[in-house]
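Just so it is clear, none of the values below were taken in a lab; they were calculated from the coordinates. Quick caveat: nothing in here was measured; it's all calculated off a predicted structure. All Cβ positions, glycine included, derive from the backbone under ideal geometry; neighbour counts span all protein chains shown.
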Amino acid sequence: MALITCRFFSETLGMSTSMTVILPQQTASQIGMAGRSGSGKFPTLYLLHGLSDDDTIWTRRTSIERYVAPLGLAVVMPNVHKSFYTDMEHGDAYWTFLSEELPAVARSFFPLSDEREHNYVAGLSMGGYGAFKWALRHPDRFAAAASLSGALDIAARIEKEKGTWIGRATDLIFGNKDVRGTENDLFRLLEDARGVEGPKPALYQLCGTEDFLYEDNLSFKKACEESGYPDYAYEEGPGDHSWEYWDENIQKVLARFFPQG
């Protein structure tokens, strides 16, 4: 695998930013890890970070590079700071950056496929919200999306976090506006999906039963089941909001999206 720290200028943000990228490499003599790279452009996983992290965190806290090596899969990990993958009320347009500029820039630098069936998105916590938001707002772009311990009920989370550092962050992002029923509300997007023709991305939701976002995840699970979303799976088990849980469960995501044998 090639591990690349990519620093580039964003026209949307009006400043330099970064993404961490893993690219497949065919190897035969690498000790302890097999590498695979197919012909043509690479299938791609956009892997999103949480509220307190950046684009380097998945490579620092998990073995994501080792997990994707035998899959021939590229991984693009952007930096979006404390933005909730949203065009901020008091800040920068991180939703536009993520959903429009980032894929175009990444594909201009690297041989990444733009075919729907070759594109996936996943994330943890804030990134789980971002992954489902991206997939539901642009179902024509992704084969599947996964949320690990996602902050999926954003309206409820804003209410619960008033006065905390998370609450101060969401004040800057969403202002004093109620997000219920807006395009930043996953429940609204789930309802909208009923009227969308054509294939929809598979949704895979995972959360630990000791996670502080567990109840938020149960609320979204109920909404998905009641909506009759066509390809939805939920999995829970022991675990809290921790890298031990995410390192274990990103492997489940990869096994589900890219089955071997």
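List of remarks:
- Computed helical MRE - 222 nm, the chain, DSSP H runs ≥ 4 contributing -39500 (n - 2.57), nearest 500: -9000 deg cm²/dmol
- Reach of Lys82 by Cα under 20 Å, taken over lysines that are not fewer than 8 positions away in the same chain: Lys133, Lys160, Lys162, Lys177
- Overall form of the range 29-111 per C-alpha gyration tensor (a/c, 1.5; a/b vs b/c): oblate
- Annotation for the range 1-31 versus the range 68-115: alpha-carbon center distance of 11 Å.
- The fewest-to-most ranking of Thr27, Thr5 by surrounding Cβ atoms within 10 Å reads Thr5, Thr27.
- The base-10 log of I(q)/I(0) for the chain, evaluated at q = 0.08, 0.14, 0.16, 0.17 Å⁻¹, reads -0.29, -0.94, -1.25, -1.42 [Debye formula, identical scatterers on Cα atoms, solvent excluded].
- Volume of the convex hull of the range 136-230 (Cα atoms only), normalised per residue: 102 Å³.
- Taking every DSSP beta bridge that has both ends in the chain, the antiparallel portion is near 40%.
- Extension reserve of the Glu65-Arg256 stretch, reckoned as 0.36 nm per residue once the Cα distance is removed: 67.0 nm
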